[in-house]
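> I have a structure I would like to understand better, so I am pasting it below and will then ask my questions one at a time.
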Amino acid sequence: MAIRAADLTILAGLLLLAGAGIASAAEQTEGRAHPVATDARVGGDDAQTRFVMDFSQKVDLRVFTLADPYRVVIDLPQVTFSLPPKTGQSTRGLVKGFRFGLVMQGGSRIVMDVGKPVRVDKAFVIDAAAGQPARLVVDLAATDRDSFMKSLAENRPERASTPQAVEREPAQRGDPRPIIVLDPGHGGIDNGAVARSGEMEKDIVLQFAMLLRDELERSGKYRVVMTRTDDTFIPLVDRVRMARIRQASLFVSIHADAIKKGEGEAQGATVYTLSETASDAEAGRLAESENRADVIAGIDMSHEPGDVADILIDLAQRETKAFSLHFAKTLVADLKKVARMHKNPMKSAGFKVLKAPDVPAALIELGYVSSKDDLKQLTSGAWQSKTASAIGKGIDKFFSTRIAGANAGRGGR
């Protein structure tokens, strides 16, 4: 049954940083070095807390709050964060920790996790003077939930656009090659898993995805699209949207997991497909962790529609899930020849990035950055090269069998 794109509705709409202050600040910094953040500290108690960050020059800022979980978000022009190790990991007063990073070209963000409702009493920046750096200051005060939610409604950041349906880009005329979307996980403010020695998942998977892109493009068989090519945060819904709007034939998300200290040991690669019921507890934990990316980056998802239970989507997803499972099985068979695999190399869980109803998709966990042996492989150029080659072969087999199957199906009608 052919399903028209116009009939398919999924959770859509890209949340972008808004506000003229950010845009104008980005324009002002264009052509000169970005401001550098050099230190940060938090002081106070559970009633009143002050957050301070030092900068090489004055910056513009925009502050707002988000609920469930409670967060305070500070939007800035693009900033170079040169802060001491483990900055933001300690708890003090109302602030339970904070993170920082790029969320888009020209825009950076600081997200503070707060344990209860807060009110932003003051937010300002002091000019550098008398040998002291420029300073960003945010004063927080404890409040009640009703007051917090009222303020949240009044000061909710506007969004650039929230289309309710995904419009299709026409296929490039004269180029019948399938489009493959490669999705390096995390990025920008979202580091993903971090090895004990400091290597970050976002960097490892980006490097690998670009190697895989080159491998696929050299074959001349595919058109390859990357969800990100630098250290930028991309909301989960937009990663899916990139695949749908290009009528992609395959979506491959690339990650590298970690097991927290004390939670056991695990190693090896795993290939995941979509299922609302996780295949095991570890798969469920991983999906829950990966699906928090937008929360980590301070994205307001409260206006986004929930999963749409529509019969047309269900029909489309049945076929898509079958193709996805076929791809995963093919991929595992080829990866086994070159890479150490997890004891259960094929799993399923409810990953948001795999939920396009009409694009076959799989998520590859290349290994565990928490495993010394896996990390050694993940950062090895030789291992990356042979593993990218194996994935490329798996993709070749998937398309050859899928096309053959489709042709046989048409011949039998």
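The values are calculated or read from the model by the stated rules, or taken from the named source; none is laboratory data. Here the structure is a predicted model, which means the values were calculated and not measured. Glycine also receives a Cβ, built like all others from the backbone with ideal geometry; neighbour counts cover every protein chain displayed. Calculation scope for accessible area: heavy atoms of the full protein, side chains included, ligands and nucleic acids excluded. Shrake-Rupley method; radii C 1.70, N 1.55, O 1.52, S 1.80 Å.
> Being within 27 Å of residue 41 (Cβ to Cβ), at pLDDT 65 or above and not β-branched (Val, Ile, Thr) narrows it down to one of 142, 153, so name that one.
Step by step, each of 142, 153 is checked, and only 142 is within 27 Å of residue 41 (Cβ to Cβ), at pLDDT 65 or above and not β-branched (Val, Ile, Thr).
> Something else about it: Starting from region 208-225, take each residue that is over 23 Å from residue 365 (Cα atoms) and among the small types (Gly, Ala, Ser) and list its partners that are part of a helix (DSSP H, G or I) and open to solvent by 40 Å² or more (accessible area, probe 1.4 Å), counting only C-beta distances under 8 angstrom and pairs at least six apart or across chains.
Sorted first by the residue in region 208-225, then by its partner, the pairs are 219/396.
> Would you kindly identify the strands (runs of 3 or more DSSP E) lying entirely within region 64-114 that contain at least 1 residues that are buried (at least 22 other Cβ atoms within 10 Å of the Cβ) and in contact with a Ser or Thr (Cβ under 8 Å, 6 or more places away or on another chain)?
Hits in region 64-114: 71-77, 95-104.
> Is it the case that residue 73 is hydrophobic (A, V, I, L, M, F, W, C) and under 29 Å from residue 229 (Cβ atoms)?
yes
> Let me ask something else. For region 267-278, check the following and say yes or no: at least one residue is more than 23 Å from residue 324 (Cβ to Cβ) and either crowded, with 22+ Cβ neighbours inside 10 Å or in contact with a Gly (Cβ under 9 Å, 6 or more places away or on another chain) (or both).
Checking region 267-278: at least one residue is more than 23 Å from residue 324 (Cβ to Cβ) and either crowded, with 22+ Cβ neighbours inside 10 Å or in contact with a Gly (Cβ under 9 Å, 6 or more places away or on another chain) (or both).
> Moving to a separate point now. Does any residue of region 250-265 turn out to be part of a helix (DSSP H, G or I) and in contact with a Pro (Cβ under 6 Å, 6 or more places away or on another chain)?
no
> With (1) out of contact with any helix residue (DSSP H, G or I) (no Cβ under 7 Å at 6 or more places or on another chain); (2) open to solvent by less than 10 Å² (accessible area, probe 1.4 Å) as the list, and residue 380 as the residue in question, which single condition is left unmet?
Only one criterion in (1) out of contact with any helix residue (DSSP H, G or I) (no Cβ under 7 Å at 6 or more places or on another chain); (2) open to solvent by less than 10 Å² (accessible area, probe 1.4 Å) is unmet by residue 380, namely (2).
> Going by the structure shown, is residue 227 of a type in the set (S, T, N, Q), under 23 Å from residue 344 (Cα atoms) and in contact with a strand residue (DSSP E or B) (Cβ under 6 Å, 6 or more places away or on another chain)?
Against the criterion (of a type in the set (S, T, N, Q), under 23 Å from residue 344 (Cα atoms) and in contact with a strand residue (DSSP E or B) (Cβ under 6 Å, 6 or more places away or on another chain)), residue 227 does not qualify.
> Does residue 354 satisfy the condition of being open to solvent by less than 50 Å² (accessible area, probe 1.4 Å) and in contact with a helix residue (DSSP H, G or I) (Cβ under 7 Å, 6 or more places away or on another chain)?
Spelling it out, it is not the case that residue 354 is open to solvent by less than 50 Å² (accessible area, probe 1.4 Å) and in contact with a helix residue (DSSP H, G or I) (Cβ under 7 Å, 6 or more places away or on another chain).
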